Each structure stands twice: as structure tokens, then as C-alpha cells.
Amino acid sequence: MFLAASLPLRAMSDELFSEHITQPYRPLADRMRPQSLTDYIGQDHIIGEAKTLTQAIENQTLHSMVFWGPPGTGKTTLAKIIANSVQAHFINLSAVLSGVKDIREAIAQAKQWQAQGELTILFVDEVHRFNKSQQDAFLPYVEDGTIYFIGATTENPSFELNNALLSRVKTYVLKALTVENLKAVIQHALNSDEQLKELDIRIDQSSLELLAQVSDGDARRALNFLEIACDLAEPDSDNPDKKIISQNIVQDVTSQSIRRFDKGGDLFYEQISALHKSVRGSDPDASLYWFARMIDGGCDPLYIARRVVRMASEDVGNADPRGLQLALDAWQTYERLGSPEGELALAQAVVYLASTAKSNAVYVAYKQAMTDAKNSASYDVPEHLRNAPTQFMKDLGYGENYRYAHDEEAAFAAGESYFPDEMGERQYYQPVERGLELKIKEKLDRLRALNLANKN
């Protein structure tokens, strides 16, 4: 009886279960992925009217390409739109998860489609993570038309991709989305996504602006934030049937967000370059901004400290030697205090270096001297400059006719030469007429004039 009774119960349970099967969860960012160029937001510089890529899609004249840009700017989406537009098969590989075996299987599938007269787009995400041999594996099949290759990378292709592959593709640079772009993405999701429409959620302009700003140019991040914010949306006090995303909710959702920053990536070097050039350009305010951006992005303050010391030598130099000491003091202060207290000392050094007199005369002189040292022969030290600690060395003439500068008038041996005889005189160091170097220049000009007079 137990078995007989259980059969109808199980059948009924299966029937009830089948009625309540739901579709697998898809994140909002995936649900809102544009299907055509009409819905695609941003990147007008490459898919605007009469642009090369737009014309290629419209004319069905596909070519292999690489999309280079920050995360969340639409690289994968654009590749899928292209495949849909030209009615090509789309094979998606991730360089993080795929190997040579996956490449071979993809090529084999593409060859079958090619035999049937059909196109294949092989899309490789994070293509810069493939090594040289893996990148080389695509080349024959790009050349013979088996596949159209589309790679996506967040790293500079000229550094990360083989020249052989780069020469066979056109590189398109995608930019971080603007705040206006992101506002449009967020509003479109609220108005178009079926699940969000059922919730009847609205967001005021100030909250929308804040959400777009903290999304940091990344549409995927914006939609992920929006999805969480919708879960936390509160009933509207004016209309309890509707829900509203307030600024407090946006701040709560985004409070732990991390800025786009990768200590090994292009953005890292772009920002340290901006900091260095702002200091060199004597703009303390811009220097502080880029310093703050790097700290906010998670950069190691000790890395910045090392770069600040470099700035003190390269761009301030002897125009204000105090800058180097201040930079070293800031470094030491940070090591003793740690974060966040020690960051103020680094900020102080950055502001001082940006505000003080500048000279790269030592930097230029050093590079010129290093060039001569590398490219010239290993000239002997002139005998009068050699040390002679033994009688034998004195008998060889070491140190003979050396003029001890402190015994000379004004402690300067006018006309004495300190370069190898074969080189003659060189003048690497040319002080600028700024800061302390103005005084140094006046002195060196006077001494060089004395040298010239005594040699004639």
C-alpha cells in the first residue's frame, strides 16, 4: 500500500515542481547587454556615423581586430553585436581559462563552418594573458580566412601582443564611459528590464548622478550597483506603491567600491605619469589630485615615496636641493607613521616639489656623461690624477704635476684638466637661471672663464 500510495504523490510533486521551475538567474548586466548598435551606448569615436568599424559592419566587410579599453566599456558586447550583424558564428574563449587544446577545438569547428560557406568570429577575452606560442597559434587561420579574430584586452597591445598578431589586426581603443553615458545605461535598465519594471523603481537625478560617478566609467559596475540598490529600494513616501533609490542607498551600496586601478597595468603608469608631470609643470593642485587618486586607488604609498624622491632629483635638482631632503624625510616619516598619517608627509613633499624652482640640468648632464662613458673607449686616468701610495708608483710618474686645489688662489687650479687626454674637455652640466642654480651658474661661468684664460 505504501508504494501504491506514494506513486500518485510523487507524480503530483513532479507536476507541481515543473510548474514552478524558473529560468536560471541572470545578472542585470547580462540581461541588459545590447543586441545591436542602436542600443549600444558610448564609444562614438569608433562606431559613430561614417566610422571605419560602423562601415565595416554595415557593408559586411569584416576584418580581424583587437579592442583595447578599461573593464566595462563594452568590448565583449561589441564583438557579439558584430557577429550578429554579419551573421557569423561566435566562439568565445577566455585567455584565463583556455589553452592550446581549446584553440585547436575552436579552429576545428571554424573549419567545418568554413566548408559550409559560413563565417566564424573567434573572440578571445583578456588576450594579453596568452603567451607567445598561444598567440602565434591563431596566425595561419587569420591569414587563410578560417576565422575572423577579435581580441579584447585591458592592457596596451603594443606591450602585450606579438608583433606578428598585431600586424594582422586593427586595434580599436575603447574609452571609459562618461557620466552621461552611465546615466543613460542606468536609466535604460530601469525603463526596459522586465524584472525592474515590475518593481516600479525610480531614482532621483542627484542619486542617479552619484551612482554614475562612483561607477568609474564601467557600465558593468553601474548595473551591478543598480541591481543591489534595487533590492534595497524603499517605498516612496509620496506613493507607497512605488519604490525609490535614495542617495543613502547609493552611498551604502558603493561605499566599499574600488577605483579602476591596477598596479601592473596601464592605468597605474598613466596616473604616476600624470603626477610626475604635474609636479614638473609646477601645478601643486593637480599634483595633489593625482596623488590622492593613486592613494584612493590602493597604490602602495612607498612606491609613490620612491617616485617623489626621483622627481626631486630629476626635475628640481640643484635649483632647490632642499626638495630632495624633504622628499627623503617624507619617505622616512611614512615608514614610521604608516597610513593614513604618513600620507600627509608625502602630500607635503609633493606640494613643495611642485611649487619650488625647477631644473633638470643634472639629469641632462648625467645622461650625456653616461652616453660618453658607454660609447667611448676605456681611456686611462691621466697620470697627474692617479694616486701614488708607493714609491714605485711615484717613480712611474703617478700624481706628478698634480695641483692641489686648496693651495691655489681661491682654492681653484685654473687651467687644470680632469678628463682623459683623448677626450678633451666636456661641459655636461649647464645650470639654469632659476633658484640656487642661478648662483651655481654664475660661479661656474666665472671658473670656466678662468680655465679658458689659463689654457690660452
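Numbers below:
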quantity: For residue 347: the one exception among (1) under 45 Å from the mean Cα position of the chain (by Cα); (2) assigned to a loop (DSSP other than H, G, I, E, B); calculated: (2)
quantity: Where residue 354 falls short, out of the listed (1) surrounded by 15 or more Cβ atoms within 10 Å (Cβ to Cβ); (2) among the small types (Gly, Ala, Ser); (3) free of Cβ contacts under 8 Å to residues at least 40 places away in the same chain; calculated: (3)
quantity: Which numbered condition residue 93 misses (of (1) assigned to a helix (DSSP H, G or I); (2) more than 17 Å from residue 171 (Cα to Cα); (3) of a type outside the set (Val, Ile, Thr)); calculated: (1)
quantity: Segments classed as strands (runs of 3 or more DSSP E), wholly inside segment 124-212, with at least 3 members that are over 18 Å from the mean Cα position of the chain (by Cα) and either modelled with pLDDT of 90 or more or closer than 30 Å to residue 222 by Cα (or both); calculated: 148-153, 201-203
quantity: Inter-residue pairs, beta-carbon under 6 Å, first free of Cβ contacts under 8 Å to residues at least 12 places away in the same chain and in the same structural domain as residue 123 (by TED's automatic domain parsing) and in segment 71-94, second of a type in the set (A, V, I, L, M) and surrounded by fewer than 21 Cβ atoms within 10 Å (Cβ to Cβ), 6+ apart; calculated: none
quantity: Sole exception among (1) in contact with a Pro (Cβ under 9 Å, 6 or more places away or on another chain); (2) not assigned by TED's automatic domain parsing to the domain that holds residue 198 for residue 242, by number; calculated: (2)
quantity: Output for segment 113-123, where each listed residue is part of a helix (DSSP H, G or I) and surrounded by 12 or more Cβ atoms within 10 Å (Cβ to Cβ); calculated: 113, 114
quantity: Those residues of segment 386-419 which are closer than 20 Å to residue 450 by Cα and under 53 Å from the mean Cα position of the chain (by Cα), in sequence order; calculated: 405, 411, 412, 413, 414, 415, 416, 417, 418, 419
quantity: Sole residue being closer than 26 Å to residue 432 by Cβ, outside the structural domain of residue 272 (by TED's automatic domain parsing) and not β-branched (Val, Ile, Thr), chosen from 372, 380, 315, 407; calculated: 372
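The values are calculated or read from the model by the stated rules, or taken from the named source; none is laboratory data. The structure displayed is predicted, hence computed values, not measured ones. All Cβ positions, glycine included, derive from the backbone under ideal geometry; neighbour counts span all protein chains shown.
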